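The values are calculated or read from the model by the stated rules, or taken from the named source; none is laboratory data. These figures come from a predicted structure and were not determined experimentally. When we count neighbours, we look across all protein chains shown, and the Cβ atoms used for this are built from the backbone with ideal geometry, even at glycine. Protein only, heavy atoms only, side chains kept; ligands, DNA and RNA dropped before computing areas. Shrake-Rupley method; radii C 1.70, N 1.55, O 1.52, S 1.80 Å.
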Amino acid sequence: MNYREVEVAGEYLARLETGADWRAEIEELADREDVDAGWFTALGAVEDAELWYYDQDEQEYRSVEFEEPLEVASCVGNVALLEGDRFAHTHAVLSRRSGQALAGHLNAGTVFSGEVYLRAFETPMERERDDVTDLDLWL
Amino acid sequence: MNYREVEVAGEYLARLETGADWRAEIEELADREDVDAGWFTALGAVEDAELWYYDQDEQEYRSVEFEEPLEVASCVGNVALLEGDRFAHTHAVLSRRSGQALAGHLNAGTVFSGEVYLRAFETPMERERDDVTDLDLWL
Amino acid sequence: MNYREVEVAGEYLARLETGADWRAEIEELADREDVDAGWFTALGAVEDAELWYYDQDEQEYRSVEFEEPLEVASCVGNVALLEGDRFAHTHAVLSRRSGQALAGHLNAGTVFSGEVYLRAFETPMERERDDVTDLDLWL
């Protein structure tokens, strides 16, 4: 296991813009405040969503799209540098009117409403290709 | 996007009371410590649950009730003032014995056991009616 | 409700080891940094998972095993002492390629990739048998 102790640089509450992209909004917040390492949790609702699932055998992401309004029941993620840009690695649990839950890596989703708590850290984190998983991992 | 930097006023660990209401317990913690702005994550189990789903077209909440014991696999939310009272906006992911997940806005649920981490901020947050979504949003 | 104000002792970002056990990795981080009370959120993927559901009537855990790769869409938990050892109480929401969500108390799961934020507190927390629920609870 790789780990590091971190020092907080700032903490933020944000309300995401209706109609914007969920992940892009979090990355915009990181850009505005120069957050090169951060951790967030969030909740809200989206008008649609593109979830990714990582095929661990084929080492490729598989996409599933949901063209329907969904609650964001849980969202956990972090901000790090990926090829020089700030990338918000975002996982989410969504739900339908019946209460049925859908979940995965949230690549995109149109914000209906979104509330985010972001904690920024002093030392930048950078993602690099990991040979074992073929994912871009930090530390 | 609207956002603000926040200063921490205190942080708390709480164990919710068996038989009490999940959301009311979090609001009681906020009341006891005068938390007018806060962020929490939680886990545990409930004896039943009322989940809400926001109908984005009709702009109305739809309720689904589950009269059965469920794990609280994830709970994310925040505390703000709503018409002068402290309101805990609470989203949760619940699960059945089969592992099946249910999720949404948790309006109510009888606590079986609950563990909460609440982070309180200095500047109060107030929810106000948003014209676009017809929701009570902060910032 | 029982609760306490807590003081932070340190905060950590960790990348879990591919092939190791998810919960054991978090407990190892706690052991290395002498964390006797902590709170974490996490995300990633596992190669398999054993979820527990607490049967509130029989007061026994029921286990369900999933022998398949799953995203860890959300993970919330805490660290406390249980009979002298550090125990990571871990709830998680997992997902399949279709986006279907599974959730519960994560007893075990083989890490494919895992990213964890752990917040450590000054005062140790100890779990003790609770007569009402027959669970090991803190505070």
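Roughly how many percent of the accessible protein surface of the protein assembly as shown is carbon and sulfur, given a 1.4 Å probe and a whole-percent answer?
Numbers: 5550 of 15100 Å².
Taking all protein chains in place, the protein assembly as shown shows 37 percent carbon and sulfur surface.
Suppose all protein chains stay in the model; what accessible area per residue would a 1.4 Å probe give for the protein assembly as shown, in Å²?
I get 36 Å² per residue for this part.
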(request) Sum up the charges of everything whose Cβ sits under 9 Å from the Cβ of residue B:109, counting Lys and Arg as +1 and Asp and Glu as -1, but leave residue B:109 out. (result) -3
(request) Please report the buried accessible area for the interface of A with B, total over both chains, probe 1.4 Å, in Å² to the nearest 100. (result) 3600
(message) Just to make sure I understand: if all protein chains stay in place, what is the order of B:110, B:133 by accessible area at 1.4 Å, largest first?
(response) B:110, B:133
(message) List, by residue number, every residue in the range A:121-139 with a reduction of 50 Å² or greater in accessible area between the chain on its own and the complete protein assembly, 1.4 Å probe.
(response) A:137, A:138
(request) With the Cα gyration tensor of the range C:8-121 in hand, convert its eigenvalues to equivalent ellipsoid semi-axes via √(5λ) and list them largest first in whole Å. (result) 23, 18, 11
(request) Compare each residue of the range C:47-79 in its chain alone against the assembly with all protein chains, and report those whose accessible area goes down by 20 Å² or more; 1.4 Å probe, heavy atoms. (result) C:53, C:54, C:56, C:62, C:64, C:69, C:71, C:73, C:74, C:76
(message) Placing the label point 7 Å from Cα along the Cα-to-Cβ direction, what are the distances from residue B:57 to the equivalent spots in the other copies, shortest first, in nm to one decimal?
(response) 3.9, 3.9
(request) Once the label point is placed 7 Å from Cα along Cβ, list for residue B:20 the distances to the corresponding points in the other copies, in nm, shortest first. (result) 3.7, 3.7
(request) Report, in whole Å, the centroid distance computed from the Cα atoms of the range B:75-100 and the range C:72-115. (result) 19
(request) Report the longest stretch of chain C that contains none of the GluC sites (Glu not before Pro) sitting in a DSSP loop with at most 13 other Cβ atoms within 10 Å. (result) C:8-57
(message) How far, in nm to one decimal, is residue C:136 from itself in the other copies if the label point is set 7 angstrom along Cα toward Cβ? Shortest first, please.
(response) 4.1, 4.1
